[in-house]
Amino acid sequence: MVSDQEGPRLLVLLSGPNLQLLGERQPEIYGRDRLQDHVARAAKAAAARGFELEHLQADSEKELVEAVHRSRGRAAGIVVNAGALSHYGWSLHDALAAFEGVVVELHLSNPAAREPWRHRSVIGPVADGLVAGFGSLGYELAVEAAARLISD
């Protein structure tokens with residue numbers, strides 16, 4: 001893990017499939033803010049806590065798994081909005097299980113209040129916490145949670 005003496009600490013924000021469509025896709029569920037709006041707020045929240053934020057959006061589970069592997073040994077935490085992969089992305093689960101830092105699972109909507117197939121998360125068992133159902137505020141809350149868990 002990255003030490004405080006090495007300068008700003010790193011948080012990685014991962015966005016899964018279809019999240020590049022935020023603001024357009026089902027705004028009644030996901031809101032009108034675009035992914036770049038969420039990332040900008042997350043970066044501001046990270047900077048306020050002394051962290052740099054690195055973001056990757058990918059529609060491929062393989063790319064997200066590779067990003068988790070690249071984060072090992074250099075990032076203090078990962079905030080992951082895996083989208084639908086949250087419910088069946090076992091290779092992402094395994095990669096996050098091997099990550100030695102803090103993991104916070106993030107959802108704009110509340111999966112427990114939606115279709116039954118969304119009620120189970122394969123990310124949850126390897127995450128330190130979950131932020132769900134807070135819409136655009138969720139990105140800030142998830143970054144704040146990760147930063148506090150790392151700092152504590």
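The values are calculated or read from the model by the stated rules, or taken from the named source; none is laboratory data. Quick caveat, the model's predicted, so the values are computed rather than measured. Don't worry about glycine lacking a Cβ; one is built from the backbone with ideal geometry, like all the others, and counts go over all protein chains shown.
Name the residues in the range 112-123 that are surrounded by 15 or more Cβ atoms within 10 Å (Cβ to Cβ) and at pLDDT 80 or above, would you?
If the condition is that a residue be surrounded by 15 or more Cβ atoms within 10 Å (Cβ to Cβ) and at pLDDT 80 or above, then Ser121, Val122, Ile123 are the ones that fit.
What is the one condition in (1) in contact with a strand residue (DSSP E or B) (Cβ under 7 Å, 6 or more places away or on another chain); (2) buried (at least 21 other Cβ atoms within 10 Å of the Cβ); (3) at pLDDT below 95; (4) not aromatic (Phe, Trp, Tyr) that Pro8 does not satisfy?
Tallying (1) in contact with a strand residue (DSSP E or B) (Cβ under 7 Å, 6 or more places away or on another chain); (2) buried (at least 21 other Cβ atoms within 10 Å of the Cβ); (3) at pLDDT below 95; (4) not aromatic (Phe, Trp, Tyr), Pro8 fails exactly one: (2).
Which condition breaks for Glu105 when tested against (1) surrounded by fewer than 21 Cβ atoms within 10 Å (Cβ to Cβ); (2) closer than 10 Å to Ile123 by Cβ?
Tallying (1) surrounded by fewer than 21 Cβ atoms within 10 Å (Cβ to Cβ); (2) closer than 10 Å to Ile123 by Cβ, Glu105 fails exactly one: (1).
Check the range 110-131 and report whether any residue there is aliphatic (A, V, I, L, M) and in contact (Cβ under 8 Å) with a residue 60 or more places away in the chain.
No: zero hits.
Go through (1) under 12 Å from the mean Cα position of the chain (by Cα); (2) over 23 Å from Gln26 (Cβ atoms); (3) among the charged types (D, E, K, R) and name the single condition Glu52 misses.
(1)
Checking the structure you have, find out if any residue of the range 21-33 is in contact with an Asp or Glu (Cβ under 8 Å, 6 or more places away or on another chain), of a type outside the set (Asp, Glu) and at pLDDT below 95.
yes
Name the single residue, out of those in the range 127-152 being within 13 Å of the chain's Cα centre (by Cα) and among the β-branched types (Val, Ile, Thr), that is surrounded by the fewest Cβ atoms within 10 Å (Cβ to Cβ).
Among them, the one singled out is Val131.
Every residue, every condition in (1) under 20 Å from Val39 (Cα atoms); (2) modelled with pLDDT of 95 or more; (3) surrounded by fewer than 20 Cβ atoms within 10 Å (Cβ to Cβ); (4) not small (Gly, Ala, Ser), yes or no:
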{"position": "Ser60", "(1), (2), (3), (4)": "yes, yes, yes, no"}
{"position": "Ser71", "(1), (2), (3), (4)": "yes, yes, no, no"}
{"position": "Val80", "(1), (2), (3), (4)": "yes, yes, no, yes"}
{"position": "Leu92", "(1), (2), (3), (4)": "no, yes, no, yes"}
{"position": "Ser109", "(1), (2), (3), (4)": "yes, no, yes, no"}
